[in-house]
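What follows is calculated from the coordinates using simple rules that are stated; it is not laboratory data. Model, not experiment: these values are computed from the prediction. All Cβ positions, even for glycine, are placed from backbone atoms using ideal geometry, and neighbour counts span all protein chains on display.
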Amino acid sequence: MYYPINNFTFNGIMECNDLQHKYVALLMNINTDKLIILPFGNIYSTHYRDMTKLNSYSHLDTNNLDDRRRFILNNTILIKGGYYNSAYFEMKYLYNFDRFLINSNI
């Protein structure tokens with residue numbers, strides 16, 4: 001699901017309580033004050049580097065640039081400019097990649 005950045009404010013990250021995801025991003029709808037809880041990060045897989053302030057899953061860091069590059073190339077298609085979604089948060093916080101830097105050197 002995609003959430004327009006103009007309609008939502010990002011309120012932080014918490015650990016996820018389900019058995020499939022690492023974290024949840026908290027998004028607040030500006031118009032309705034409805035809180036959206038957006039899970040991201042597969043709990044069963046490693047990632048490049050945990051860049052959240054929580055660092056709860058830093059033991060799954062690989063710091064492997066080839067894996068990072070491969071993940072970004074395979075998942076960039078899921079990112080839409082001007083929208084939040086779980087792929088955006090996974091790339092930004094678990095793969096240390098900002099979607100606005102697509103033209104930079106990966």
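Ranked highest first by the average count of other Cβ atoms within 10 Å around their residues, in what order do 50-57, 30-37, 13-20 fall?
Values: 50-57: 15.2, 30-37: 10.1, 13-20: 12.4.
Ranked from most to least packed, the peptides come out as 50-57, 13-20, 30-37.
Farthest towards the positive end of the charge dipole of the chain, among the residues Y23, I77, N55, is the Cα of I77, using unit charges on the Cβ of Lys, Arg, Asp and Glu. Would you work out if the range 32-77 is rounded, prolate or oblate? Take a ≥ b ≥ c from the square roots of the eigenvalues of the alpha-carbon gyration tensor; rounded if a/c is under 1.5, else prolate when a/b is larger than b/c, oblate otherwise. Judged from the Cα gyration tensor, the range 32-77 comes out oblate (a/c at least 1.5, b/c at or above a/b). Each stretch of four or more DSSP H residues adds -39500 (n - 2.57); spread over every residue of the chain, this sum gives -5500 deg cm²/dmol at 222 nm. For the range 23-37 versus the range 82-96, the spacing of their alpha-carbon centroids is 15 Å.
Pairwise alpha-carbon distances in the chain exceed 20 Å for 38% of all pairs. Using only side-chain charges placed at the Cβ, +1 for Lys and Arg and -1 for Asp and Glu, the dipole size of the chain relative to its Cα centre rounds to 240 debye.
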